[in-house]
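What follows is a set of notes on a single structure, which appears directly below.
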Amino acid sequence: MKTYFAPAERISKEDAFYQYLSITKNNSLINIIQALPEVVVLLNKFRQIVFANKTFLNLLNKKIEDVVGLRPGEAVGCIHANENEAGCGTSRFCRFCGAVKTILDGISGKNGVEECKILTQNNQVFLFQVKTVPVELDGIKYTLFTINDIRDLKALKEYQKILFIDINELLSEIVVGLDVLSKNCDENPYLKNIYDSAKTAISIIEKQKLLILAENNQITPYLVKIKSKDFLDFISNHLNIDFLKIDDSTENIEFRSDFELLTTIFENIIFALIELGEKEKIILSCKDKNDKIEFNIKSQLFIPVEIQYNIFKKGLPSKEAPAELITYLAKILTEWYLNGRLFYETNDENGTIFTLQLSKSPIV
């Protein structure tokens with residue numbers, strides 16, 4: 001039979017069903033596959049289904065007898081599956097299909113992962129992430145094929161683009177306009193409130209954007225020479241918080257780090273302490289620790305146990321736990337990108353100290 005991409009050969013439905021019966025004798029394997037939340041399918045070397053878990057069958061509202069011997073595109077009703085007599089994987093469009101590509105990887109003995117968009121004959125659109133792993137059962141080679149629906153994830157990413165680009169640009173224009181107005185008008189408290197709110201919204205959006213980039217390993221640190229005391233002076237002037245002080249014993253130690261990431265880390269920890277209730281005194285200091293440099297951010301505030309539980313844990317900011325997100329971001333920026341450590345101690349007697357340890361010459 002003719003093919004434009006993947007091999008056309010296949011076995012009969014009856015022979016595929018014999019393979020299915022052989023596989024189902026392995027109760028341990030079947031129980032594991034059935035327990036997995038993902039769609040899981042076993043394919044033979046001809047890309048035909050010889051086992052499918054209940055998740056896959058429920059997705060299609062079919063029985064196992066309906067899908068054994070079919071290829072994945074045929075089972076889900078892909079509009080290209082029957083364009084060529086040889087079926088799924090052989091039409092002129094199949095060379096662009098992520099599912100076929102990753103299945104061929106599995107058959108060749110490699111792990112595969114791709115994205116796959118399928119339009120079905122009844123006009124349903126599926127957007128999947130597909131993965132394959134080669135396996136061997138009773139001396140016969142198969143491909144373990146898993147499918148995850150990523151439509152919601154893709155939609156979320158599109159919404160994030162709208163939020164981070166369009167809305168952020170609009171807010172920036174509002175801030176610029178308000179700044180001009182404030183210079184040409186008498187001081188107006190309502191104007192100032194709108195200005196401050198818009199700037200706060202921009203800051204929140206920027207932090208969310210940075211968090212997503214960080215979690216997706218899309219940040220590349222840019223290391224420069226920094227002097228610790230000079231850096232703390234910058235933080236103090238930049239934030240302009242009356243009760244933010246620098247300890248007199250602070251040393252001016254030279255080290256290398258990413259200036260912007262380090263600034264964000266300090267901002268987040270300081271703002272977290274303020275949101276947790278500190279309104280009187282935060283003290284910044286730094287000392288030499290041989291090949292490391294250690295910064296301390298000290299507050300007289302004691303963090304209650306129920307809030308301690310959420311520090312450095314990802315969560316949506318809320319009135320009950322407002323510091324979760326920003327401390328989590330500070331933690332991953334420190335430990336994933338700056339090869340450092342960020343931790344804290346808190347008690348009734350001494351308050352709270354956040355400690356940031358960095359290598360003077362990090363390898364990142």
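Quick notes on this structure:
- Residue within the stretch 218-234 that is more than 31 Å from the chain's Cα centre (by Cα) and either part of a strand (DSSP E or B) or among the small types (Gly, Ala, Ser) (or both) present: yes
- Within the stretch 22-39, being surrounded by 12 or more Cβ atoms within 10 Å (Cβ to Cβ) and either at pLDDT 95 or above or of a type in the set (D, E, K, R) (or both) holds for one residue alone: 38.
- Search result, residues across the stretch 118-140 that are closer than 17 Å to residue 71 by Cβ and surrounded by fewer than 16 Cβ atoms within 10 Å (Cβ to Cβ): 119, 120, 121
- Some residue of the stretch 326-334 being more than 18 Å from residue 266 (Cβ to Cβ), out of contact with any strand residue (DSSP E or B) (no Cβ under 8 Å at 6 or more places or on another chain) and at pLDDT 90 or above: no
Every residue, every condition in (1) more than 28 Å from the chain's Cα centre (by Cα); (2) among the polar types (S, T, N, Q); (3) assigned by TED's automatic domain parsing to the domain that holds residue 19, yes or no:
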residue	(1), (2), (3)
49	yes, no, yes
69	yes, no, yes
91	yes, yes, yes
96	no, no, yes
103	no, no, yes
110	no, no, yes
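- All of 156, 163 fail the test of being surrounded by 13 or more Cβ atoms within 10 Å (Cβ to Cβ), within 25 Å of residue 330 (Cα to Cα) and at pLDDT below 80, apart from 163.
- Single match in 123, 148 (criterion: in a strand (DSSP E or B) and at pLDDT below 90): 148
- Applying a threshold of 9 Å to beta carbon distances and a minimum spacing of six or more residues, or different chains, the list of pairs starting in the stretch 258-270 at a residue that is within 17 Å of residue 224 (Cα to Cα) and ending at one that is assigned to a helix (DSSP H, G or I) and polar (S, T, N, Q) reads 261/334; 262/334; 265/334.
- Residue in the stretch 75-90 that is surrounded by the most Cβ atoms within 10 Å (Cβ to Cβ), counting only those that are within 12 Å of residue 5 (Cβ to Cβ) and touching a strand residue (DSSP E or B) at 6+ places or on another chain (Cβ under 9 Å): 88
- Residues (under 33 Å from the mean Cα position of the chain (by Cα), surrounded by fewer than 15 Cβ atoms within 10 Å (Cβ to Cβ) and of a type in the set (D, E, K, R)) located in the stretch 235-270: 260
The values are calculated or read from the model by the stated rules, or taken from the named source; none is laboratory data. In this text, all values refer to a predicted model and were calculated from it rather than measured experimentally. Cβ sites come from the backbone with ideal geometry, for glycine too, and all protein chains shown count toward neighbours.
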